[in-house]
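This report concerns only the one structure given below.
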Amino acid sequence: MSSKSKDKIATIVLYILSLLVVFLLVSFIGYILYKGSSSLNFKFIFGNPKSSEAGGGIGPMFFNSFYLLIVTLILTVPLGVGAGIYLAEYAKEGKVMNIIRLCIDTMSSLPSIVVGLFGLLVFVQLSKWGYSLIAGALAITILNLSSLTRVSENAIRAASSGVKEASVGLGATQWQTIWKVILPTAMPQILTGVILSSGRIFGEAAALIFTAGSSTSILHFNELSLIGKHSAFSLFRPTETLAVYIWKVNSEGMLPDATKVANGASAVLILMVLIFNFSARIIGRRIHRSFTGSK
Amino acid sequence: MNKRSLASRIKNEYIGKAYATICGLFIIFLTLSIIFFIASKGLSTFIKDGHSIYSFIFSGTWKIDDMGVNSKFGPLIFITGSTIIAIGAVIISTPLGIALAIFMNMISPKLGEKILQPSMELFVGIPSVVYGWIGISVLVPVIKSLFGGIGISALAGIIVLSVMILPTITSIASDAIKTIPKDYIEASYGLGATRWQTIIRVIIPAAKSGISTGVVLGLARAFGESLAVQMVIGNSISFPKGILGTTSTLTSYLTMNMGDSVFGTPNNDALWSMALLLLVISFIFILIIRVIGKRGEVK
């Protein structure tokens, strides 16, 4: 066979493989949405779950997932951006920098179940908080800190080239430069990273089973306490999220309509992931436009 | 004057600098405390309960006795299960990931950027419980009808994981291909090589260390994944009887049993030892990646 025809065949094979992977993704998402479509209604998404009869909803878990996401972001973003600033602007190449990099690598490759067990040990047992939202939020903070630090470091490095000398030259201190010039420029890129990791936080389950727990109480929205056991906004109540619920419904098999519930909950999860991904894309495109002035 | 400038320096520089530095150092603190806490729990199997480290790694007898006095902790079953499933997934994903990376960079950068790249991001974004759920509700019945048996099997775990680690391998291989100097490629075309010859003889050898990093990271992710695998492999405490047999992995066993076990008992300590083992394995992967990276630089 001539090398020309070999080249043609290889090209065709690569096209087919790529198409297959895209097809796999489309059918995967399509299947989940199709299967769950009958459950995508108000009663299912906002209704209360039932423990051993059919017809329950996912309301509390849906709320829990969002609330946990918000608390986690409140913890993760300041820490990750701070560490990113340190790595990009203040740390000098050398020992400390190397150790931090090694730690980031370590944290990013930790199995999420190990992070969950660390959370069980420290945030659930030692702190005596029990299975609680705050324990879960702290565990996922650990899980996502490394990626957010990386994203912010890269964003800050990219934003600081060029403008830094100008700002310092005008008499600003380094921190003023970072706070007033670099950070606003880097913000959209950081935001894209935050939204993408929000998708991951929303779907995380392994680190949550032993920290936030796999049960939820009936939520009382009329109480606005962060501590009270019955308040929906309490940081110290067991908080079963949507992803954990899918896992539990499957492994316990108590519900007669477990399949329907799992299908519906999966569809809701996938929809949320799609929304997170597309909004990250749109913001990313906006930044590109505002930086380059192109359409 | 001097005083005011000190005050303003504190306000304008030192507070911010201190905050950023604390955040940076906090990462070190966190990592060390994870290692410390998991190790202090995990080592008590050997220190307090008197089991030997050797048998913990090489023995395959796992017997849980209610009180934990006569329990035998040889997690070789779980180590084997994790290894088979992770390696199986990497064997499927690596060629596919490299093929996609080549397609994205060499064949059609436009389709790569517009379609494949976003697809990979979506694959990463899909939660692992959803992968597990599709594994149970679609993949397991398919395996059952194709190969017989019960469908729940090591093979199901391998296939689910291979989809989950595909984006890792693809994106890192693609980054590696992107950094290859254009001169290499143009020189190869200039010598009359076809695109395919250039891919095989120039691109893949030049991107070798990047591709290996991707494979090791994929392996690490496969080892650490718990729920998706746990949902489809059956969780029997036995070595898999062939690829269609059921088995357990380190992570799946931990997921199934940590909730019911009482803190401080030997049985519970053994679970923490398994968590420690997972931690050590992920360190080994990081070390391998660093070695590969160093080698790549020297070249």
Is there a residue being within 21 Å of B:Asp175 (Cβ to Cβ), at the interface with chain A (Cβ under 8 Å from one of its Cβ atoms) and under 16 Å from the mean Cα position of the chain (by Cα) anywhere in the range B:243-257?
no
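Condition check ((1) in contact with a Pro (Cβ under 7 Å, 6 or more places away or on another chain); (2) modelled with pLDDT of 90 or more; (3) among the aliphatic types (A, V, I, L, M); (4) assigned to a helix (DSSP H, G or I)) across all residues:
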{"site": "A:Leu235", "(1), (2), (3), (4)": "no, no, yes, no"}
{"site": "A:Glu240", "(1), (2), (3), (4)": "no, no, no, no"}
{"site": "A:Ile246", "(1), (2), (3), (4)": "no, no, yes, yes"}
{"site": "A:Asn250", "(1), (2), (3), (4)": "no, no, no, yes"}
{"site": "A:Pro256", "(1), (2), (3), (4)": "no, no, no, no"}
{"site": "A:Lys260", "(1), (2), (3), (4)": "no, no, no, yes"}
{"site": "A:Gly264", "(1), (2), (3), (4)": "no, no, no, yes"}
{"site": "A:Ile270", "(1), (2), (3), (4)": "no, yes, yes, yes"}
Go through the range A:126-152 and give me each residue that's over 18 Å from the mean Cα position of the chain (by Cα), in contact (Cβ under 8 Å) with a residue 12 or more places away in the chain and in a helix (DSSP H, G or I).
none
Starting from residues that are assigned to a helix (DSSP H, G or I) and within 10 Å of chain A (Cβ to nearest Cβ), keep the ones in the range B:258-269 and report whichever is farthest from A:Asp105 (Cα to Cα).
B:Gly259
Quick one: which residue in B:Ile281, B:Ile286 is within 11 Å of chain A (Cβ to nearest Cβ) and in contact with an Asp or Glu (Cβ under 8 Å, 6 or more places away or on another chain)?
B:Ile286
Sole exception among (1) more than 13 Å from every other protein chain (Cβ to nearest Cβ); (2) within 22 Å of the chain's Cα centre (by Cα) for A:Leu170, by number
(2)
The condition of being modelled with pLDDT of 90 or more, away from every other protein chain (no Cβ under 11 Å), surrounded by fewer than 20 Cβ atoms within 10 Å (Cβ to Cβ) and within 30 Å of B:Gly42 (Cβ to Cβ) holds, among B:Ile57, B:Ile64, B:Ile87, B:Ile91, only for B:Ile87
Candidates A:Ser39, A:Ser18, A:Ser27, filtered to the one that is closer than 26 Å to A:Leu271 by Cα, surrounded by 12 or more Cβ atoms within 10 Å (Cβ to Cβ), within 14 Å of another protein chain (Cβ to nearest Cβ) and in contact (Cβ under 8 Å) with a residue 24 or more places away in the chain
A:Ser39
Out of B:Phe56, B:Phe36, B:Phe78, B:Phe46, report the one residue that is of a type outside the set (S, T, N, Q) and out of contact with any helix residue (DSSP H, G or I) (no Cβ under 8 Å at 6 or more places or on another chain).
B:Phe36
Kindly indicate whether any position in the range A:184-197 is within 14 Å of another protein chain (Cβ to nearest Cβ), buried (at least 19 other Cβ atoms within 10 Å of the Cβ), touching a helix residue (DSSP H, G or I) at 6+ places or on another chain (Cβ under 8 Å) and farther than 30 Å from A:Phe278 by Cα.
no
Could you list, in sequence order, the residues of the range A:51-62 that are crowded, with 19+ Cβ neighbours inside 10 Å and not small (Gly, Ala, Ser)?
A:Ile58, A:Pro60, A:Met61, A:Phe62
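Condition check ((1) crowded, with 17+ Cβ neighbours inside 10 Å; (2) under 22 Å from B:Gln117 (Cα atoms)) across all residues:
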| site | (1), (2) |
| --- | --- |
| B:Ile172 | yes, yes |
| B:Ile177 | yes, yes |
| B:Glu186 | no, no |
| B:Leu191 | no, no |
| B:Ile199 | yes, yes |
| B:Pro205 | no, no |
| B:Gly214 | yes, yes |
| B:Leu219 | yes, yes |
| B:Phe223 | yes, no |
Looking only at the range A:72-99, and only at residues there that are more than 14 Å from chain B (Cβ to nearest Cβ) and surrounded by fewer than 22 Cβ atoms within 10 Å (Cβ to Cβ), the one that is nearest to B:Tyr14 (Cα to Cα):
A:Ile74
Specify the residue that is nearest to A:Phe118 (Cα to Cα); the eligible residues are those in the range A:198-216 that are aliphatic (A, V, I, L, M) and either at the interface with chain B (Cβ under 10 Å from one of its Cβ atoms) or out of contact with any Phe, Trp or Tyr (no Cβ under 7 Å at 6 or more places or on another chain) (or both).
A:Ala207
List the number of the failed condition for A:Cys103; all other conditions in (1) assigned to a helix (DSSP H, G or I); (2) within 26 Å of B:Leu279 (Cα to Cα); (3) out of contact with any Gly (no Cβ under 7 Å at 6 or more places or on another chain); (4) more than 13 Å from every other protein chain (Cβ to nearest Cβ) hold.
(4)
Residue satisfying condition, being small (Gly, Ala, Ser) and in contact (Cβ under 8 Å) with a residue 60 or more places away in the chain, within set B:Ser261, B:Ser282, B:Ser236
B:Ser282
Residue check, B:Ile79 modelled with pLDDT under 90 and more than 10 Å from chain A (Cβ to nearest Cβ):
yes
Members of the range A:153-186 found to be in a helix (DSSP H, G or I), within 25 Å of A:Arg101 (Cβ to Cβ) and free of Cβ contacts under 8 Å to residues at least 24 places away in the same chain, listed by number
A:Lys164, A:Trp175, A:Thr177, A:Trp179
With respect to B:Gly74, determine if the residue is surrounded by 22 or more Cβ atoms within 10 Å (Cβ to Cβ) and not basic (Lys, Arg).
no
A:Ser214: passes all of (1) part of a helix (DSSP H, G or I); (2) more than 29 Å from A:Ala88 (Cα to Cα); (3) touching a helix residue (DSSP H, G or I) at 6+ places or on another chain (Cβ under 7 Å) but (1)
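The values are calculated or read from the model by the stated rules, or taken from the named source; none is laboratory data. Every value quoted in this text rests on a predicted model; they were computed, and no experiment measured them. Heads up, the Cβs are rebuilt from the backbone with ideal geometry, glycines too, and the neighbour counts pull from every protein chain shown.
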